[in-house]
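A.B. asks: Sharing a structure here in structure tokens format.
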Amino acid sequence: MIAALLIALTAFAVTASLGYLMIVAAASVAGAISRGGRRERAADAYQALAGSRFTIPVSVIVPVDGDCSTISHSVEALLGLNYPELEVVVVAESLSDRSWERLKKDWALEPKELFYRRTLHTSPVNRILGSDRDPRLVVIEKAPAGRADALNCGVSFARYRYVVSVNPGIAFDADALLRLMSPALRDPGAVLAVTSYVERRPASAAMHPGVGTDPGPQTSDPGWIAAADDYQRLASIRSWMASRLAWHQLQCGLPPLDGVTAWRRDAVMELGGFSTSAADAELDLLVRLQTSQGDGPSGRVVRTSEVFGDAATSTVRGAAVLASRRQNALIEALKTFRRAPGKDRTRRTMTIVVGVELLTSAAQGIVAVLIVAAALAGWVSWRAPYLTFLLLTFGYAVVSASALLLRGGTPGAPSGADLKRLLLRAPLEFAVYRPALIWARLVGR
Amino acid sequence: MNLEPIILTGGVVAVLLWAGLAAYVLHIDRRRTAARSVVAAILDTLSAADVRSVSTAERLTRVVPLLDRISRDMILHTAADGSTPRDTVDVLTTHLVERWGIYTLVREASFHRKSRDIWRRTASMKVLFHLNHPQVVDILSRAVESSSAEVASVGLTLLGTSSDERATGILIDALKQRKQSPSRIAVHLEHSPLRPAGAYRPLLRDADPLVRFWGATLLAEYPEFDWVESELALLVTDVDARVRKAAIQSLGRVGDEVAASAAMQLLRDPAAFVRAHAARALGELERSDTAPAVAELLGDHDWWVRTAAKHALEAMGSEIWPVLMRCLDHPDEFVRNGAAEVFQNLGILDSLIVMEAASDDPSHTKIDLLRRIAAAGGLRLTDSLIERSGTAAPRIRNLLTSMGLEQVGAA
């Protein structure tokens, strides 16, 4: 009796999970086909915005720590952005001596006492340095307290209405900030935040960090590229697709795995700044901004379909850390919704969006574990796990191919040999890379 | 448990779907790459020195075989691309008109049914604008009212670069009726080649404060007209604080005596952002004689006003140091901090301390001034000073110690 019940339950769980995964894959394919293959949009005319005194000034916050050799390049590229008025606020925590010396020398930094309003509580600021080379640059050295605290410090110090947080490893072209700010410039009164996409690329194919020209479509074979780099790129493109499709249909959603966000400073302050206890402070704030209607700042969060730039892929361990952080952040978001359930549509929609992202990985795990367990128990033949494995592997590859189709219509998309390699490697992602990621997460604990 | 048929079917479907999608993605990529290489060949051919010197009709003849190899969409896309050279656009637009007729372009530029047709509409608008088509202003006028932000944006951009006087009228009308974000419209009016100062004048008397605000803001670009300063000065008593702010901000850029007197008046405005802009205006006008009034704002209850006062005082230059000195003993800590920061940013602190540290017989007056600045700025101000002074740091440290400021912590 119990065995029959267990068999029935297992069959139901496997069928339901597979059904769910098929629906997700079908939605991806349908979304990519309906929106993919579309002609590239002619670039917006940014000249007028770039030269206008009505273009809203932006404070760019760059949190850095440890040994950051690219920081000088990043500052150079940020100050070289095609944007009429901006300031760059580097918030340094535990920066290595070598990086400090380089930064000080390259930018002729000199300590200065600048009195500013500490609107958000942060760890103590040790000193503030201004640049003799470019007065738009300020470097704040503060006691280490994590990325969120550094962002809060930057927000406190920022002079302008919008703040943009940029990691030093990101490469971009000169119009990147105008592209990001475009929705906010169209309607500054209503836009609380704008998110954009940063693509993970193998270091050989990526632009030099911070120094930017759009590499355009990659048609030449960049040579042998480690599979892990390709899988990180595929994951990055898939997350962009998920974000884009969800946002298009629901007018709200989650940002991609990597991105750059412009925040309206007053909205950040109203919600108490970036949470220092959140797994991913920026994702947490984006979720709070979208779901705090009525008891928070009024306005909306916008997602641009533009690509801000790209960042080099990391090690498998690094990718595992990022994936784990994302998962924890999503769980935190769900817990927040549970603690304070709201009745508004956005909150319900966001619960579904977050749930779908979490459930997809869970469903894959459930199917894999249950089908093997069923085979071990003799409830199914050993052919079933192999077939399931085939289904999951190619199901995953279908979603990746859909993402590549959608990505193809936007600048900087993989092309030629690059694209072929990504398509061919896609089916092996579930079989090879996912176990490696899980292993790296387990070992890293 | 017989799950195998479901899993097998699913697996086969997944494999076929992956193979089909992969082939489709590669096919699109190949088509796109081929089209791009043809476009590159067209651009190369048209930019060759011997081709550039001949007539448009002749140049078109040279590239027709290439143009026949790509779709109309690709030609339209290339013609509308801002990076395509102007003489190449001439050839491409001529081909578009000769081959598919001007009516097709007018129809595409006039409306779109689906979101995927937006790019075609905006591209056709650009091509018609390039051709200076007689209907283009009407088409752009309709575009400004479009619910699509992209269409409206392109409409505004083209109207902003138009030399047709109707374009300015449409933009001003759109601003008054708030058809799009006023700041976005103002960006394009700001760049209008017509420089329509006269068209902004009536805006200053509009019943809508937002229209008055933008009228005042846009006039900051016209210092050459005598009436601008006097008209703006009338708005410093406007009932709407935003209008007063815009008026004083523009006066700071275009004004002189009237502007300074208006700014002085607004330093006591009830709205903090108006006080802040009044202070900034005085800084921009470099009216150091108004420094005492601006320095009072260092103790304003609003932080932005204090910051604006600091920047304004810095803009007035080092000659205002006697005013700053008086602030160093102010009972309000914010005023003392602000004055010390301005002393530092003007370089007065550094030059004073370097001179006195180098001297065997430091002046008591200057030492007293240094002591007061250091006390007003706090520990980090002196720490920063020592770190900035490089090789002179030991002497400066000694001097600060002799002044009773020995607890400075910088190395």
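The values are calculated or read from the model by the stated rules, or taken from the named source; none is laboratory data. Given the structure is predicted, the values throughout are model-derived calculations rather than measurements. Note that each Cβ is placed from the backbone with ideal geometry, even for glycine, and that neighbours are counted across all protein chains shown.
A.B. asks: Do we find a residue being free of Cβ contacts under 8 Å to residues at least 12 places away in the same chain, under 23 Å from B:Trp100 (Cβ atoms) and either within 13 Å of another protein chain (Cβ to nearest Cβ) or surrounded by 22 or more Cβ atoms within 10 Å (Cβ to Cβ) (or both) anywhere in region B:115-128?
C.D. replies: Of region B:115-128, the ones free of Cβ contacts under 8 Å to residues at least 12 places away in the same chain are B:116-117.
Cutting the leftovers down to under 23 Å from B:Trp100 (Cβ atoms) gives us B:116-117.
Applying the additional criterion that residues be either within 13 Å of another protein chain (Cβ to nearest Cβ) or surrounded by 22 or more Cβ atoms within 10 Å (Cβ to Cβ) (or both) yields B:116-117.
Yes, region B:115-128 contains at least one residue that is free of Cβ contacts under 8 Å to residues at least 12 places away in the same chain, under 23 Å from B:Trp100 (Cβ atoms) and either within 13 Å of another protein chain (Cβ to nearest Cβ) or surrounded by 22 or more Cβ atoms within 10 Å (Cβ to Cβ) (or both).
A.B. asks: Next question. So is A:Arg441 at pLDDT below 90 and either surrounded by fewer than 22 Cβ atoms within 10 Å (Cβ to Cβ) or within 12 Å of chain B (Cβ to nearest Cβ) (or both) or not? Give the derivation first.
C.D. replies: Details: at pLDDT below 90: yes; either surrounded by fewer than 22 Cβ atoms within 10 Å (Cβ to Cβ) or within 12 Å of chain B (Cβ to nearest Cβ) (or both): yes.
For A:Arg441, the condition - at pLDDT below 90 and either surrounded by fewer than 22 Cβ atoms within 10 Å (Cβ to Cβ) or within 12 Å of chain B (Cβ to nearest Cβ) (or both) - is met.
A.B. asks: Could you check region A:237-290 and list, in sequence order, the residues that are of a type in the set (S, T, N, Q), part of a helix (DSSP H, G or I), within 24 Å of A:Ala30 (Cα to Cα) and more than 15 Å from the chain's Cα centre (by Cα)? Steps first, answer last, please.
C.D. replies: Initial filter on region A:237-290 (of a type in the set (S, T, N, Q)): A:239, A:243, A:249, A:251, A:261, A:275-277, A:290.
The next check asks that each one be part of a helix (DSSP H, G or I); those that pass are A:239, A:243, A:249, A:290.
Okay, now just the ones that are also within 24 Å of A:Ala30 (Cα to Cα), so A:239, A:243, A:249.
A:Gln249 - this is the single residue of region A:237-290 that is of a type in the set (S, T, N, Q), part of a helix (DSSP H, G or I), within 24 Å of A:Ala30 (Cα to Cα) and more than 15 Å from the chain's Cα centre (by Cα).
A.B. asks: Hey, another quick one. Is there a residue in region A:48-64 that is over 17 Å from A:Val260 (Cβ atoms), aliphatic (A, V, I, L, M), under 24 Å from the mean Cα position of the chain (by Cα) and within 13 Å of chain B (Cβ to nearest Cβ)?
C.D. replies: no
A.B. asks: Scan A:Arg347, A:Arg338, A:Arg300 and give me the residue that is over 16 Å from the mean Cα position of the chain (by Cα), within 14 Å of chain B (Cβ to nearest Cβ) and either basic (Lys, Arg) or at positive phi (or both). I'd like the intermediate steps shown before the answer.
C.D. replies: On the way: A:Arg347 fails: within 14 Å of chain B (Cβ to nearest Cβ); A:Arg338 fails: within 14 Å of chain B (Cβ to nearest Cβ).
The unique qualifying residue is A:Arg300.
A.B. asks: Does at least one position in region B:84-98 carry a residue that is surrounded by 14 or more Cβ atoms within 10 Å (Cβ to Cβ), farther than 29 Å from B:Ser153 by Cβ and hydrophobic (A, V, I, L, M, F, W, C)?
C.D. replies: Checked region B:84-98: no residue is surrounded by 14 or more Cβ atoms within 10 Å (Cβ to Cβ), farther than 29 Å from B:Ser153 by Cβ and hydrophobic (A, V, I, L, M, F, W, C).
A.B. asks: Just to check your reading of the model, which residue among B:Ala233, B:Ala262, B:Ala241, B:Ala246 is surrounded by 16 or more Cβ atoms within 10 Å (Cβ to Cβ) and either over 17 Å from B:Leu285 (Cβ atoms) or touching a residue at least 40 places away in the same chain (Cβ under 8 Å) (or both)? Lay out the reasoning, then the answer.
C.D. replies: Values: B:Ala233 fails: either over 17 Å from B:Leu285 (Cβ atoms) or touching a residue at least 40 places away in the same chain (Cβ under 8 Å) (or both); B:Ala262 fails: either over 17 Å from B:Leu285 (Cβ atoms) or touching a residue at least 40 places away in the same chain (Cβ under 8 Å) (or both); B:Ala246 fails: either over 17 Å from B:Leu285 (Cβ atoms) or touching a residue at least 40 places away in the same chain (Cβ under 8 Å) (or both).
Sole residue among the options that is surrounded by 16 or more Cβ atoms within 10 Å (Cβ to Cβ) and either over 17 Å from B:Leu285 (Cβ atoms) or touching a residue at least 40 places away in the same chain (Cβ under 8 Å) (or both): B:Ala241.
A.B. asks: Answer with yes or no whether A:Ala363 is of a type outside the set (Lys, Arg), at pLDDT 90 or above and in the same structural domain as A:Ile7 (by TED's automatic domain parsing).
C.D. replies: On the way: of a type outside the set (Lys, Arg): yes; at pLDDT 90 or above: yes; in the same structural domain as A:Ile7 (by TED's automatic domain parsing): yes.
Here the answer is yes, as A:Ala363 does meet what is asked.
A.B. asks: Would you mind stating whether A:Ala431 is farther than 25 Å from A:Gly31 by Cα, more than 9 Å from chain B (Cβ to nearest Cβ) and touching a residue at least 40 places away in the same chain (Cβ under 8 Å)? Talk me through it step by step, then tell me what you get.
C.D. replies: Details: farther than 25 Å from A:Gly31 by Cα: yes; more than 9 Å from chain B (Cβ to nearest Cβ): yes; touching a residue at least 40 places away in the same chain (Cβ under 8 Å): yes.
Here the answer is yes, as A:Ala431 does meet what is asked.
A.B. asks: Out of region A:106-126, which residues are touching a strand residue (DSSP E or B) at 6+ places or on another chain (Cβ under 9 Å), at the interface with chain B (Cβ under 10 Å from one of its Cβ atoms) and of a type outside the set (A, V, I, L, M, F, W, C)?
C.D. replies: If the condition is that a residue be touching a strand residue (DSSP E or B) at 6+ places or on another chain (Cβ under 9 Å), at the interface with chain B (Cβ under 10 Å from one of its Cβ atoms) and of a type outside the set (A, V, I, L, M, F, W, C), then A:Glu110, A:Pro111, A:Lys112, A:Glu113, A:Tyr116, A:Asn126 are the ones that fit.
A.B. asks: Of the residues in region B:51-71, how many are out of contact with any helix residue (DSSP H, G or I) (no Cβ under 6 Å at 6 or more places or on another chain) and within 14 Å of another protein chain (Cβ to nearest Cβ)?
C.D. replies: Residues that pass the stated criteria total 1.
A.B. asks: Condition (residue is away from chain A (no Cβ under 14 Å), under 23 Å from B:Arg86 (Cβ atoms) and not β-branched (Val, Ile, Thr)) applied to region B:157-175: is it met by at least one residue?
C.D. replies: yes
A.B. asks: Evaluate the following for A:Ser34: is it facing another protein chain (nearest Cβ under 7 Å) and at pLDDT 80 or above?
C.D. replies: Values: facing another protein chain (nearest Cβ under 7 Å): no; at pLDDT 80 or above: yes.
No: the conditions fail for A:Ser34.
A.B. asks: Are any of the residues in region B:243-250 within 21 Å of B:Ser181 (Cα to Cα), β-branched (Val, Ile, Thr) and out of contact with any strand residue (DSSP E or B) (no Cβ under 6 Å at 6 or more places or on another chain)?
C.D. replies: First pass over region B:243-250, keeping only residues within 21 Å of B:Ser181 (Cα to Cα): B:243-247, B:249-250.
In the following step, the residues that additionally are β-branched (Val, Ile, Thr) were identified as B:243.
Pick out the ones that are also out of contact with any strand residue (DSSP E or B) (no Cβ under 6 Å at 6 or more places or on another chain) and you get B:243.
For region B:243-250, residues within 21 Å of B:Ser181 (Cα to Cα), β-branched (Val, Ile, Thr) and out of contact with any strand residue (DSSP E or B) (no Cβ under 6 Å at 6 or more places or on another chain): present.
A.B. asks: If you don't mind, there's one more thing I want to ask. Confirm whether B:Leu189 is closer than 21 Å to B:Gln249 by Cα, without any contact (Cβ under 8 Å) to a residue 40 or more places away in the chain and within 14 Å of another protein chain (Cβ to nearest Cβ). Don't jump to the end; show me each part of the working.
C.D. replies: Details: closer than 21 Å to B:Gln249 by Cα: yes; without any contact (Cβ under 8 Å) to a residue 40 or more places away in the chain: yes; within 14 Å of another protein chain (Cβ to nearest Cβ): yes.
Against the criterion (closer than 21 Å to B:Gln249 by Cα, without any contact (Cβ under 8 Å) to a residue 40 or more places away in the chain and within 14 Å of another protein chain (Cβ to nearest Cβ)), B:Leu189 qualifies.
A.B. asks: Any idea how many residues of region A:412-422 are at the interface with chain B (Cβ under 7 Å from one of its Cβ atoms) and buried (at least 24 other Cβ atoms within 10 Å of the Cβ)? Break it down into steps so the answer makes sense when it comes.
C.D. replies: Initially, region A:412-422 is screened for residues at the interface with chain B (Cβ under 7 Å from one of its Cβ atoms), giving A:415-416, A:419-420.
The next check asks that each one be buried (at least 24 other Cβ atoms within 10 Å of the Cβ); those that pass are A:419.
Total satisfying the criteria: 1.
A.B. asks: Moving on. What are the pairs, 6+ residues apart or on separate chains, where a residue within region B:13-25 that is within 9 Å of chain A (Cβ to nearest Cβ) has its Cβ under 9 Å from a residue that is surrounded by fewer than 16 Cβ atoms within 10 Å (Cβ to Cβ)?
C.D. replies: What qualifies is B:Leu21/A:Ile33; B:Ala22/A:Leu424; B:Tyr24/A:Ile33.
Okay, residues lined up against (1) of a type outside the set (D, E, K, R); (2) in contact with a strand residue (DSSP E or B) (Cβ under 8 Å, 6 or more places away or on another chain); (3) assigned by TED's automatic domain parsing to the domain that holds A:Val60:
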{"position": "A:Ala246", "(1), (2), (3)": "yes, no, no"}
{"position": "A:Glu282", "(1), (2), (3)": "no, yes, yes"}
{"position": "A:Leu289", "(1), (2), (3)": "yes, yes, yes"}
{"position": "A:Ala323", "(1), (2), (3)": "yes, no, no"}
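A.B. asks: What is the number of the single condition among (1) more than 9 Å from every other protein chain (Cβ to nearest Cβ); (2) crowded, with 18+ Cβ neighbours inside 10 Å that A:Val369 does not meet?
C.D. replies: Failed condition: (2).
Condition check ((1) more than 30 Å from B:His27 (Cβ to Cβ); (2) assigned by TED's automatic domain parsing to the domain that holds A:Tyr197; (3) in a helix (DSSP H, G or I)) across all residues:
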| residue | (1), (2), (3) |
| --- | --- |
| A:Gly355 | yes, no, yes |
| A:Leu358 | yes, no, yes |
| A:Val367 | yes, no, yes |
| A:Ala373 | yes, no, yes |
| A:Tyr396 | no, no, yes |
| A:Gly412 | no, no, no |
| A:Lys420 | no, no, yes |
| A:Leu423 | no, no, yes |
| A:Val432 | no, no, yes |
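A.B. asks: A further question on this structure: Given the residues B:Thr56, B:Thr33, which is the only one that is of a type in the set (Val, Ile, Thr), in contact (Cβ under 8 Å) with a residue 12 or more places away in the chain and farther than 30 Å from A:Leu376 by Cα? Outline the logic, then answer.
C.D. replies: Numbers: B:Thr33 fails: in contact (Cβ under 8 Å) with a residue 12 or more places away in the chain.
Being of a type in the set (Val, Ile, Thr), in contact (Cβ under 8 Å) with a residue 12 or more places away in the chain and farther than 30 Å from A:Leu376 by Cα holds for just one of B:Thr56, B:Thr33, which is B:Thr56.
A.B. asks: In region A:385-411, what count of residues is obtained for those that are buried (at least 22 other Cβ atoms within 10 Å of the Cβ), of a type outside the set (Gly, Ala, Ser) and facing chain B (nearest Cβ under 7 Å)?
C.D. replies: Number of matching residues: 7.
A.B. asks: Another question, if that's okay. Could you pull out the residue among A:Leu103, A:Leu79, A:Leu129 that is touching a Lys or Arg at 6+ places or on another chain (Cβ under 8 Å), away from chain B (no Cβ under 14 Å) and at negative phi?
C.D. replies: Details: A:Leu103 fails: touching a Lys or Arg at 6+ places or on another chain (Cβ under 8 Å); A:Leu129 fails: away from chain B (no Cβ under 14 Å).
Going through A:Leu103, A:Leu79, A:Leu129 in turn, the sole match is A:Leu79.
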